[in-house]
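To start, the structure under review is shown below, and the notes come after it.
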Amino acid sequence: MLKRCYRTQESLVRYWAQQAVELCADIDDSTLSEPAQPVLQNIQQLNTPRRIIVIGGAKSGKSALLSHMIGSAVPAAAEWEGNYIRWRYRCEDGDAAASRFLPIETLEGLELVDTADCSTPAVQGELRHLISGADVVIAVADARNPVQSPAWDLLASLPESEYAACMVALTHTDMMPAAAALELNDTLRQICRERLVRSLPVYQVCPTSAQGVEVFTKRVQDALSGQRGVRSAIRAVVNSAVDLMYKQGSVLKVRGDVARTDSGFLAGIEQEIDNFLAHQLLGVPACAANYADAVRRARLPLRRRLRHRFGYFLSPVTLLRLEHMGAGAEEYFCAAVRDDVLTLQLDSDQRFMHSCSLHWKHVRPRMKQTLECEIGDFPEKDIAAELEQLRSGMAHDLRAPFKRQQVRSFMSKFFKAQAGWMQAFIIICCFLLVVAGLLGFVGQDMLAAATVGVAAGVWLLGSLAHLIIARGIQPLVNRAEGVIFDNLKPRINELVKGVVVSRVSAYRRLYTAPRRKVAEHEATLQPLMDRHSEVYRQLRAASPHL
């Protein structure tokens, strides 16, 4: 019995061909839209029912032939209402006009068209579009009068390309001698060559002979499922999908080559930045030593400031300042060192930005040519903001050695130790002046003048002691400078190295966008290539021997 073959194969091929088309969207290349159209068109052809149409004259045995081919007596007994009947398992296209449905599962995906007498113009007009889309055309010729069959004129009016396969069924041969029936085969072949300009296979089909119908049905099945039938449609889908996948493979290969080029290019940029960093690190020891010398350079200003704050003679003002001299000395010392270091660092950062700007200008055209990525002008403001933060961090870290070595402590101890004798001298001077005032008030001018002289002598003596004590400021500053220098030198080496690494890292981050672009490209490329290989493998596996 007739059936729709290759159903499973059709489903698999259709599925993997659709996967190949969907892969185009993920690859996202405009050149793939054109080769994807034939695949979609061929997939649509797989979805259409396979049509077998029987044409011939009235009472030539068309309906009986169909009945025997599907194993049902219904087509032979059906009542006619139009020019043709479409026998199907279900209505797959939503059009039930002129259609009859049989509960025969083997008919699923098939459409058997039984026609009226095709000698009438009305029937011929409707059959032309049915024949043009048919997979198998069966021309029924009545053995009693085969030459006058209207099927010849209908087929002659259509080009061969309009229908895939055509065969002649010679019916009613049981009503004539066997020898005469055999001669009809040659007659029909001659008619085909003369009137159709082609040769058609001729089969004698006698409805009363089950063997003859079975053989003919097998020939129809072979034509339906053969190289020009369903297999042809499957092969068309496979071939168009393979062509599409070849083009997809070419696109992915080019992208793979570009990705390797892009990775190599960025690796070269990274190497240039690494070399730049190595060159910067070579200058760290000299730079750190210069920064550490800021402690020695700050020694003289610190000594002058302390000498000025301590005063040059005995004074109540100096006595009042002694409480805060240690804290002020530490703060001033730290600020002097910090300002000197940050000034040097600012100059170093400016040279660094100039070097980065030159490298950026050198990389920008190469980046545009190789990666098709426009990185724009050098973002000087962004780098300047990063460097400003690094200098702020350095300024904060420079305070640690001063606090750790307790510079304030021993300086405060030195200055506070002078408070006792200064206070004593000032009290004595003030007492003598008060006494001199009382003596002058009572009229003892000579004694008052003498008391004032004694007070002046005490003040001069205290000022002399003040000058002697002031000489101890220099050793005090030297001690503070030595302590801070020994502690700051290794620390500042770490600070400078950290700043150098951090600012090069800040410059390296400017290439994040190109790196992300290449990384995303590489991350999506391999899954696409794996998916492409899998779809291609499954598509070829679903279409063997085609």
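The values are calculated or read from the model by the stated rules, or taken from the named source; none is laboratory data. Note that the coordinates shown come from a computational prediction; the quantities given were computed from them, not determined experimentally. Cβ placement follows ideal geometry from the backbone for every residue including glycine, while neighbour counts extend to all protein chains displayed.
Being of a type outside the set (A, V, I, L, M, F, W, C), more than 30 Å from the chain's Cα centre (by Cα), crowded, with 18+ Cβ neighbours inside 10 Å and assigned to a helix (DSSP H, G or I) is a property that R321 lacks. Scanning the range 34-68 for residues that are under 30 Å from D142 (Cα atoms) and either in a loop (DSSP other than H, G, I, E, B) or in contact with a Cys (Cβ under 8 Å, 6 or more places away or on another chain) (or both) turns up P49, I55, G56, G57, A58, K59, S60, G61. So is E534 surrounded by fewer than 14 Cβ atoms within 10 Å (Cβ to Cβ) and either without any contact (Cβ under 8 Å) to a residue 40 or more places away in the chain or under 26 Å from Q406 (Cα atoms) (or both) or not? For E534, the condition - surrounded by fewer than 14 Cβ atoms within 10 Å (Cβ to Cβ) and either without any contact (Cβ under 8 Å) to a residue 40 or more places away in the chain or under 26 Å from Q406 (Cα atoms) (or both) - is met. Restricting L184, L188, L170 to residues that are outside any loop (DSSP other than H, G, I, E, B), farther than 30 Å from L46 by Cβ, touching a helix residue (DSSP H, G or I) at 6+ places or on another chain (Cβ under 9 Å) and at pLDDT 85 or above narrows the list to L170. For the range 69-94, the set of residues classified as assigned to a loop (DSSP other than H, G, I, E, B) and of a type in the set (S, T, Y) consists of S72, Y89, listed by residue number.
For the range 520-546, taking the residues that are among the small types (G, A, S) and either modelled with pLDDT under 80 or assigned to a helix (DSSP H, G or I) (or both), the one that is nearest to V21 (Cα to Cα) is identified as S533.
One residue stands out in the range 482-531 among those that are closer than 30 Å to E380 by Cβ and among the acidic types (D, E): the one that is surrounded by the most Cβ atoms within 10 Å (Cβ to Cβ), namely E494. Within the option set E92, E79, being touching an Asp or Glu at 6+ places or on another chain (Cβ under 9 Å), acidic (D, E) and at negative phi holds for one residue only, E92.
Does T106 meet the test of being assigned by TED's automatic domain parsing to the domain that holds Q221 and within 59 Å of the chain's Cα centre (by Cα)?
Numbers: assigned by TED's automatic domain parsing to the domain that holds Q221: yes; within 59 Å of the chain's Cα centre (by Cα): yes.
When the stated conditions are applied, T106 passes them.
Taking the range 391-442 as the range and being assigned to a loop (DSSP other than H, G, I, E, B) and either at positive phi or modelled with pLDDT of 90 or more (or both) as the test, only Q406 passes.
Being of a type in the set (F, W, Y), surrounded by 16 or more Cβ atoms within 10 Å (Cβ to Cβ), touching a residue at least 40 places away in the same chain (Cβ under 8 Å) and more than 30 Å from D349 (Cβ to Cβ) is true for just one of W421, W459. Which residue is that?
On the way: W421 fails: surrounded by 16 or more Cβ atoms within 10 Å (Cβ to Cβ).
None of the other options fit; the residue is W459.
Does any residue of the range 268-286 turn out to be within 18 Å of the chain's Cα centre (by Cα) and at pLDDT below 90? Talk me through it step by step, then tell me what you get.
If we filter the range 268-286 for residues that are within 18 Å of the chain's Cα centre (by Cα), which is where we start, we get none.
No, the range 268-286 contains no residue that is within 18 Å of the chain's Cα centre (by Cα) and at pLDDT below 90.
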